[in-house]
Amino acid sequence: MLNSLLTFGILVVATTMESFGDATIRIGLFNRSGATQAATLLGGGLLLFGYGALLNFAPVPFERVVGLYIATLFCVWQVVSFVTFRTLPGAPIVVGGLLIVAGGLVVTFWPR
């Protein structure tokens, strides 16, 4: 149980770092210039590096953690998209997201 909670916690933090890293780079590319742009892009890059490093600390084999990671990433990305860009998902994103989450759960929890 503790191993599952640790894994889920790592995934939530890693996906949050990845989502905010991607959003930060988007902001740096299109909404900043000069030194502010460079600092924003560097910050986004550091968040992306942190996500990549942290994900590899999950105490689960990579082929099993990736399904749950993708499902978690989709959910976190919707929250980050709303917080950062004030956008709500439409019907196609919600329906597709449900399929992504279902697929991630199958990849992770299907008995081997």
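None of the figures in this text is laboratory data; all of them are computed from the coordinates on show. On a predicted model such as this, the values are computed, not experimentally measured, just so you know. Here the Cβ is made from the backbone with ideal geometry for all residues, glycine too, and neighbour counts use every protein chain on show.
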- Item | segment 51-112: radius of gyration and largest Cα-Cα distance (Dmax), Å | 13.2, 41
- What list of ³J(HN,Hα) couplings, whole Hz, do you get for segment 88-98 from phi and the Karplus terms 6.51, -1.76, 1.60, once you set θ to phi - 60° and write x for glycine and proline? 9, x, x, 4, x, 6, 5, 5, x, x, 4
- Tell me, Kirkwood radius of segment 2-109 from alpha-carbon pair distances, in Å? 14.7 Å
- Using Cα atoms only, what is the angle between the long axis of helix 2-31 and the major principal axis of the chain, expressed in degrees (0 to 90) to the nearest 10? 30 degrees
- Query: Whole number please: convex hull volume per residue of the Cα set in segment 17-64, in Å³?
  - Reply: 56 Å³
- Query: What is the order of Trp77, Trp110, fewest Cβ neighbours within 10 Å to most?
  - Reply: Trp110, Trp77
- Item | Nearest 10 degrees, 0 to 90: helix 62-85 Cα axis against the chain principal axis | 40 degrees
- Query: Under the Karplus relation 6.51 cos²θ - 1.76 cosθ + 1.60, θ = phi - 60°, what is the ordered set of whole-Hz ³J(HN,Hα) values for segment 101-110, x standing for Gly and Pro?
  - Reply: 5, 4, x, x, 5, 5, 4, 7, 10, 4
